[in-house]
Every structure is written in structure tokens, then in C-alpha cells.
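Please read the structure below before turning to the comments.
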Amino acid sequence: MMIDFLTQVSRWAIPFLLFIIPAYAYFKKVNVYEVFVEGAQEGFTTAIRILPYLVGMLVAIGVFRASGAMEYLIKIIYPVTNLLGIPGEVLPLALMRPLSGSGALGITAEMIQTYGPDSFIGRVASTMQGSTDTTFYVLTVYFGSVGIKKFRHAVTVGLAADITSFLASVFICHLVFG
Amino acid sequence: MVNLIWLFLLLTGIIVAGMSGRIEVVTESALHAAQTGVKTAFEIIGVMTLWLGLLKLAEKSGLVKVIAKLVRPIAVILFPSIPKNSPALGAIIMNLSANILGLGNAATPFGLKAMSQLQDMNPNKEEASDAMITFLALNTSCITLIPAMVISLRVTAGSANPVEIVSTTILATTCGTVVAVFLDRFIRKRYYRKKVKR
């Protein structure tokens, strides 16, 4: 019921915005088309400005993923996470999630297929995938777009949130699904 | 820190590939990733253009200010450094709402706009401001009400109850957001205390 409602909200949100923003502007006597074009002009330059940051980050992540370094990293942290009751199968997803959105989605899809959507691992993977964002992508693109070079504690905070959501996913699934 | 992480990813990748006798994957994946970066940037030009045009309309008509006013009580607590009625608040709210509703590609233009408005009031143009860090803490740990992608994966795999993970997702993401907001506060306070001592 709640889900149906929320799905409808998602479905209607963009048409609603496309309707209400120009209509409100017209009502406020703004030259709607001219002002739209004026703002739209920044679109191209903004997209191009983030390009070098995207390429830089994607290359490092791409090489890391392709090399198989991930498996070694998992071997190192497995003993610790195992003690905490975290299934080793979900570690690749936890490591991939902050780095690559498409990579994480791929792993989630594979895990849901392999272990089944209603298995414990399938549920943890589903929860994990939805509960955080691609931290590195967001940080490099957002800071890059305005030329910020020193991120201060943004990386620490972002990663702490990822780790928390990851641990919470496992813990909450234990509680809810047993 | 981002310098170190970037270097770590790249160098570890090359060393591991070299030691396992598959050095050629480095060349392959580096060139492929570079192309993906360009493709991604070009693919968002259209969406970016559309939403930045609409955002300008929302700004000129005063709609952004109306939104900023609505969320002022929360914004004052989360973003003490942003002046009241600043258009940046409006853009931040629109970005977070787009994220929450799962409108991924509308979120980025709003977010980049918010960043450029935050940058305008940032005294040190090379260093992230307090408000930027708080904004990104909220953004990256953000709540998604409908993890639409995951639900569709579960439907495809024949789940008996594809949406059962919505509640667990919201709970897990809330934990992450709470930790992000408090940790940001904590580190920021320590940062200024150190600065004063110097």
C-alpha cells in the first residue's frame, strides 16, 4: 500500500516538476522560454568541466577492479568480518559500493541470481545496494565541478557512512529476516 | 586523502596485475575506463541542460526561495554557515529530494548547482567549506525511499516478496546518514579548536 503510493510519487515527480516550474514562472511574469534557455546554456560547460575528474577516478577504479586486487583485499579483511557474523559473500559488494555504481549493481544482480532473492545473502545484498551511494563518484564529480582540491574530512565522513550502512544492513537483516 | 586513495587504487591494481602475470588487463581497463568517463560526461549533457534550464526558471520566479523558506528550521541546524533565504539551500533541498525519490539523473544538476552556489560564498576556493561537506555527507549517505533498481532485479529473479527490502533499506540508510551528520559535526568542531590553538 505504502509502496504503491511511493511508486506513484516517483512516477509522477518529473512530469509534475516539468509542469509546475514553468507554470509558476509564467504566473510570476518571467519570460519562461528565454530564461529556460539562459539557464540551459550552463549545461554543456558543466558536463564538460567534470569530464577530467570522471576520467581520472574511473581509470584508477577500472585498473583496480580488473587487476583482481579486490580478492586479495577480501582475504585480508575476511577474518575480521567473519568474527562479526558478516557473511563473506557480501564483502565484494561492500568494497565495490563506494567505488563504482555500475560495478556494485552488477555484483548485486549476480548475487541475487546466484543465492536467490529471498535468501539471507540476497536480502543483505539488496539492502546494501539501496542504502548508500557511490561516495567516490559523488565526491570527485561534485568537488571537481567547482575546482575544490582539498576535500578536508569529506572522504572520512562519506566512508564512515558507507561502513555504517553496510554493517547496519547485515545487522538489520539478521533482526528482520532471522 | 583523495590523492592517496587514487594512488592506492591505481598502483595496487598495476602491481597485483603484474604479479599475477596479467599486466595486459591494466592497459585494457585504463583505456576502457577513460572512454567510459567521456561517454558518461557526454551522456549527462542533455539531462544537465534540461534541469539547469528549469532550475533557472525556478530561481527567477522565486520558487527556490519559497522552498528554502519552508526548510529553514532544519537548514539552520544542519547548515549554520549558509545565510537564510540563500538560493543554495533551495538547490540543496531539490538535490536531496530528487535523491530520496530515486530520480537519480535529475539530482546531479541540482547538486552541481548547489555546489557552485556554495562555492560563491566559500572564502577559500581550493578547500571544501563546512556547508559543502555537510551537503555531501547527506548526499552520499542519502535515503532512497524506493530502491527501484533493486526491486526490479528481485522481481526478475522471482522473489516471493520483492519489496520486503524497502524497510530494511530505509533503516540501514538512516543509520548511515545519522553517523555521517554527527561525525561531520564532531570533526568540524575539532578542526576549529585546533585552528584557534594555532
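Table for the structure above
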{"item": "Extension gain, A:Lys75 back to A:His174 (0.36 nm per residue minus Cα-Cα distance, nm)", "result": "33.3 nm"}
{"item": "Amide H partners (placed H, <5 Å) of A:Lys150, local residues excluded", "result": "B:Glu127, B:Ala128"}
{"item": "Cα centroid separation, the range B:34-59 to the range A:1-72 (Å)", "result": "6"}
{"item": "Stokes-Einstein diffusion coefficient of the range B:45-197, Kirkwood radius over Cα pairs, 4 °C, 1.567 mPa s, in µm²/s", "result": "76"}
{"item": "Segments A:106-115, A:30-39 sorted - mean Cβ within 10 Å per residue, highest first", "result": "A:106-115, A:30-39"}
{"item": "Relative exposure of B:Glu59, A:Glu89, judged by other C-beta atoms within 10 Å (fewest first)", "result": "A:Glu89, B:Glu59"}
{"item": "Ranked list, fewest to most other Cβ atoms within 10 Å of each Cβ, for A:Ser169, B:Ser129, B:Ser81", "result": "B:Ser81, B:Ser129, A:Ser169"}
{"item": "Top of B:Ile133, B:Ile77, B:Ile44 by mean-square fluctuation, Gaussian network on chain B, Cα under 10 Å", "result": "B:Ile77"}
{"item": "Gain upon complete extension [B:Leu70, B:Glu28; 0.36 nm per residue less C-alpha separation]", "result": "10.1 nm"}
{"item": "Of A:Ala125, A:Val146, A:Ala60, farthest towards positive along the dipole that unit charges on Lys, Arg, Asp, Glu beta carbons give chain A", "result": "A:Val146"}
{"item": "Order of B:Trp6, A:Trp12 - criterion: other Cβ atoms within 10 Å of each residue's Cβ, fewest first", "result": "A:Trp12, B:Trp6"}
{"item": "Whole-Hz couplings from phi, Karplus 6.51/-1.76/1.60, listed for the range B:80-94; x for Gly and Pro", "result": "x, 7, 8, x, 4, 6, 5, x, 4, 4, x, 5, 4, 5, 5"}
{"item": "For the range B:17-30, Karplus couplings with θ = phi - 60° (6.51, -1.76, 1.60), whole Hz, Gly/Pro x", "result": "4, x, 5, 8, x, 10, 4, 5, 5, 5, 4, 4, 6, 5"}
{"item": "Other protein chain Cβ atoms within 10 Å, averaged over every residue that makes up A:107-115", "result": "3"}
{"item": "Averaged over B:176-188, number of beta-carbon atoms from partner chains that fall within 10 Å", "result": "6"}
{"item": "Estimated FRET transfer efficiency (A:Trp12, B:Ile5; beta-carbon r; R0 35 Å; 0.05)", "result": "0.35"}
{"item": "Unit Cα scatterers, Debye sum, the protein assembly as shown: log10 I(q)/I(0) for q = 0.14, 0.15 Å⁻¹", "result": "-1.30, -1.45"}
{"item": "Cβ-based net charge around B:Ala91, under 9 Å, with every Lys or Arg adding one and every Asp or Glu removing one", "result": "0"}
{"item": "Computed helical MRE - 222 nm, the protein assembly as shown, DSSP H runs ≥ 4 contributing -39500 (n - 2.57), nearest 500", "result": "-26500 deg cm²/dmol"}
{"item": "Number of partner chain Cβ atoms within 10 Å, mean per residue of A:169-175", "result": "4"}
{"item": "Span-like helix ranges in chain A, DSSP H, alpha carbon extent 20 angstrom or more, Kyte mean at least 0.0", "result": "A:2-27, A:32-49, A:51-67, A:69-83, A:101-115, A:154-177"}
{"item": "All-pairs alpha carbon distance profile, the range A:44-136, 10 Å steps from 0, percent", "result": "15, 41, 31, 10, 3"}
{"item": "Rg [Å, one decimal], Dmax [Å, integer] - chain A, C-alpha atoms", "result": "20.8, 65"}
{"item": "Check: the protein assembly as shown dipole with +1 on Lys, Arg Cβ and -1 on Asp, Glu Cβ, in debye", "result": "1620"}
{"item": "Residue-by-residue Karplus 3J(HN,Hα) for the range B:112-124, coefficients 6.51, -1.76, 1.60, Hz, glycine and proline x", "result": "5, 5, 4, 4, 5, 6, 5, 5, 4, 9, 8, x, 10"}
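Read the figures in this text as sums done on the coordinates, not as results from a lab. Since the model is a prediction, treat every value here as computed from it, not as a measurement. Because the Cβ atoms are built from the backbone with ideal geometry, glycine has one as well, and the counts that use them run over all protein chains shown.
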